[in-house]
Amino acid sequence: MGEKFKSQVVAEMINNVEKIARDYELGIKKNKFEIKCPYPKIIQTYESIIQMLINYGWNEQAMIYNNQIKFYQEKLEKDKKLRIIEVQKVQKQKEIEGLYKNKEIDTIKAVILSLNREEKILDFEEKKKEKIKESEEIFNMISNAERMAKEYEKEINKGRILHLDCPYEKIIEIYKEVKKRLESIGWKEESNKLIDSIRYYNDKLEKDKRLREIEERKLAKE
């Protein structure tokens, strides 16, 4: 299975579950609580994506999606609380309908207002949606960097190093940018893990320079 195809498969899986999440959240905002919560299945899908990436040998990319699992686990907990609040609201509304002119009406209305405030607090945060989009872009950056390295090293094995431009400097810059972007969205642990990748490609860059010098000396002797 080609790397491009693998990336497309993962991207399609992500797009599908994110669409399901968006549709569900739109329904919830319209008080359609009869819709079954999809978060458990979405969590399972991201777990499958992580396992798939690990099987492909893309361990660093796989780690990024641990945050998506945490994200949807938090959403699942909020959803449960939201549904409890909704049940309470329905019960209190029924009490209001039965009481009419009873003095307890004002008290029950106050409870419903309180529940509405809690509902707003539990409203799904738009910033976290931005994190999902950001993580997908980061995944693509890492995939492109690794593809550049593999294609270059494949050509080197054919003895064509002097005919090729070394991509390692560009790859290092990509990883530095990825590191900054991870830090900007608060994923410091994942960002720190990229230090090893940057160091790895710095070493490869130095080896590449030495290899080119050797090839140039060979060429000069011919």
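Throughout, read-outs are computed from the coordinates displayed, never taken from laboratory work. Since the model is a prediction, treat every value here as computed from it, not as a measurement. Backbone-built Cβ (ideal geometry, glycine too); neighbour counts: all protein chains shown.
With r as the distance between the Cβ atoms of Q73 and F33 and R0 = 22 Å, compute the FRET efficiency 1/(1 + (r/R0)^6) and round to 0.05.
On the way: r = 20 Å, r/R0 = 0.92.
For R0 = 22 Å, the calculated efficiency reads 0.60.
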Scalar couplings 3J(HN,Hα) for the range 176-184 by Karplus 6.51 cos²θ - 1.76 cosθ + 1.60 (θ = phi - 60°), nearest whole Hz, x for Gly and Pro, are 5, 5, 4, 4, 5, 5, 5, 5, 5
Calc'd 3J(HN,Hα), the range 196-212, phi into Karplus 6.51 cos²θ - 1.76 cosθ + 1.60 (θ = phi - 60°), Hz, glycine/Pro = x, comes to 5, 5, 5, 4, 4, 6, 5, 4, 5, 5, 5, 5, 5, 4, 5, 5, 5
With x for Gly and Pro, the residue-by-residue ³J(HN,Hα) of the range 41-48, computed from phi through the Karplus equation 6.51 cos²θ - 1.76 cosθ + 1.60 at θ = phi - 60° and given in whole Hz, is 5, 5, 4, 4, 5, 5, 5, 5
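Within the set K70/K204; K179/K204; K19/K78, which residue pairs have Cα atoms separated by over 29 Å?
On the way: K70/K204 35 Å; K179/K204 19 Å; K19/K78 19 Å.
Pairs exceeding 29 Å: K70/K204.
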Two pseudo-spin positions, 7 Å from Cα along C-beta at K188 and at M63, lie apart in nanometres by 1.6 nm
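Students often get this wrong, so check it: of K41/K81; K36/K133; K41/K176; K154/K209; K158/K218; K133/K193, which have C-alpha atoms separated by over 27 Å?
In this structure, K41/K176 exceed 27 Å between Cα atoms.
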